[in-house]
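Heads up, the thing below is written out as structure tokens.
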Amino acid sequence: MPDVKFTIWAKDKVSATTSRIGKGFRAMGTAAKRAGSVIKGAFGLIKKAIIPLIAGVGFLAASIKQAFDFEATTAQFKVLFGSLILAKKHVKELQDFSASTPFQFKDIAEASKKLEILTGGLLNTVKWLKLTGDAAAATGQEISEVSNWVGRAYSAIQGGQPFGEAAMRLLEMGVVTTDVIKEMQDLKAAGKSNAEVWAVLEK
């Protein structure tokens, strides 16, 4: 028969060992939790640091791109105007105008260039950019596209040329109505001046 004292001693040893092992695992669990908390906290700090950094880099990139857009646009208008001073002044006007509209600067600049080229600069004004911008916003069109066909219509009418294509494009975009086109055509057929025909479209 097994020795009773030995059996009791063995049980005590096993119990004590099991207790120590249990304590060891619990200690390991506590340490792991603490390590997890530390790691989580570290990641939290990194996240807090990185997100503003990424946002800052994005803002910087956007600012640099915008600066390049301004510089490129100024260079283009310098060629059109033949003057850097006038080009800088005009770009500043476009910047101010874009701040009060839903359109981006590059789209407004493109619309301005088209009005400058197609109308000899006569419609390249803040007034006409506002008119074409309002028409574009009301009809869901691009301001540069509306400006393009307004400029083409002006060029054709003032040059005594047929303006049907430009008028039809403006009609398709919803900028003018068939009544407006008919009135313009009737005035043209009646021998009225180009200014009178244009005034109907402008109105």
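FYI, it's all coordinate maths here, none of it is from the lab. Quick caveat, the model's predicted, so the values are computed rather than measured. When we count neighbours, we look across all protein chains shown, and the Cβ atoms used for this are built from the backbone with ideal geometry, even at glycine.
Here are some notes:
- Sum of side-chain charges, residue 202 neighbourhood, beta-carbon under 11 Å (Lys, Arg +1; Asp, Glu -1): +1
- The Cα trace of the stretch 149-203 gives Rg and Dmax of 9.8, 28 Å, the first to one decimal, the second as a whole number.
- Approximate spin-label separation residue 85-residue 195, in nm, with each point projected 7 Å along Cα-to-Cβ: 3.1
- Each Lys or Arg adds one and each Asp or Glu takes one away; over the other residues whose Cβ falls under 13 Å from the Cβ of residue 101, this sums to -3.
- Rg(Cα) / (2.2 N^0.38 Å) computed for the stretch 96-159, rounded to two decimals: 1.01
- Rg/Rh for the stretch 82-203, where both radii come from Cα atoms and Rh is the Kirkwood radius: 1.00
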